[in-house]
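Undergrad: Following this message is one structure expressed as structure tokens.
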Amino acid sequence: MEFLKRYGFYFLVLAVVSELALPFILGRWLPGYNQVEMLISNFGETGMPTKWAFKIWEVVNGVLFILSAPAFYERFRETSNPLAGWTALLIAVFGIGDCIITGLVDRAATTEEVGFTSLLHNYASGAGFVALLIGTFLLIKLYHMEQNTWMVVLLPIIFVLSSFFMFLFAMPKIPFVSEFQVTHRGLWQRLNLFFLYLPFLLVAIGNLNGGKK
């Protein structure tokens, strides 16, 4: 555990860089893949040549997120032990939900094929997104308790941007607004993920050498 507390932030940085690079690397192996319109999970659909690469990649990234959680707990436990624990737990939930489960469970290629596994894939991914969004809110609270003005100002802006892009990405699945045609879902998904990861990436980079930032 001491090893994870000391090097967990390195795992987080590696996981985020890996997640952001995944669609651009796998996209080179999928003719006709459109980064702006198509979703990242398309790589793991049945029949895709990238299916197993996507599955392995996501499971590895999920493990990296989980391994990073103890470092976040250690960083904030003196500020607030309960909030530090919840923050670490939410990072682990993201690693399990949006990475490991979505990597192991297939997503249906068409709406006609939607079944239990496809629903599990979608709900696990959604739970992971929400977990990091809540985690960002907890980071704002923790930095407020530490009187870190810069982070208290920056993180809410990131929180709003992440929530906005999450809404655009999720619109087709939301009752009452799903009738509106949303294009560029792939772009909104990538921007949502970038701003979801950014608060935790900032914490990790600021503490790679053990500094309290």
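The values are calculated or read from the model by the stated rules, or taken from the named source; none is laboratory data. Keep in mind it's a predicted model, so treat the numbers as computed, not measured. Here the Cβ is made from the backbone with ideal geometry for all residues, glycine too, and neighbour counts use every protein chain on show. Accessible surface is based on the protein model in full, side chains and every heavy atom, while ligands, DNA and RNA are left aside. Shrake-Rupley method; radii C 1.70, N 1.55, O 1.52, S 1.80 Å.
Undergrad: Taking the condition under 24 Å from residue 169 (Cα atoms), open to solvent by 60 Å² or more (accessible area, probe 1.4 Å), over 18 Å from the mean Cα position of the chain (by Cα) and of a type in the set (Gly, Ala, Ser), does residue 32 pass?
TA: yes
Here is a yes/no grid of residues against (1) open to solvent by less than 40 Å² (accessible area, probe 1.4 Å); (2) in contact with a strand residue (DSSP E or B) (Cβ under 9 Å, 6 or more places away or on another chain); (3) without any contact (Cβ under 8 Å) to a residue 60 or more places away in the chain:
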{"site": "147", "(1), (2), (3)": "no, no, yes"}
{"site": "150", "(1), (2), (3)": "no, no, yes"}
{"site": "166", "(1), (2), (3)": "yes, no, yes"}
{"site": "169", "(1), (2), (3)": "yes, no, yes"}
{"site": "182", "(1), (2), (3)": "yes, no, yes"}
{"site": "186", "(1), (2), (3)": "yes, no, no"}
{"site": "191", "(1), (2), (3)": "no, no, yes"}
{"site": "199", "(1), (2), (3)": "yes, no, no"}
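One line per residue, one yes/no per condition, for (1) in a helix (DSSP H, G or I); (2) closer than 21 Å to residue 125 by Cα:
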position	(1), (2)
21	yes, yes
27	yes, yes
49	no, no
54	yes, yes
73	yes, no
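Undergrad: Considering only residues of the range 31-72 that are hydroxyl-bearing (Ser, Thr, Tyr) and touching a Gly at 6+ places or on another chain (Cβ under 6 Å), which is modelled with the highest pLDDT?
TA: 68
Undergrad: Could you please give the count of residues in the range 127-170 that are touching a Gly at 6+ places or on another chain (Cβ under 8 Å) and within 26 Å of residue 37 (Cβ to Cβ)?
TA: 3
Undergrad: A further question follows. Which numbered condition trips up residue 106, out of (1) modelled with pLDDT of 80 or more; (2) outside any helix (DSSP H, G or I)?
TA: With respect to (1) modelled with pLDDT of 80 or more; (2) outside any helix (DSSP H, G or I), residue 106 is out only on (1).
Undergrad: Which condition number in (1) of a type in the set (Val, Ile, Thr); (2) open to solvent by 50 Å² or more (accessible area, probe 1.4 Å); (3) modelled with pLDDT under 90 is the one that residue 134 fails?
TA: (3)
Undergrad: Please specify each residue of the range 89-107 satisfying the condition of being open to solvent by less than 10 Å² (accessible area, probe 1.4 Å) and under 22 Å from residue 143 (Cβ atoms).
TA: 91, 94
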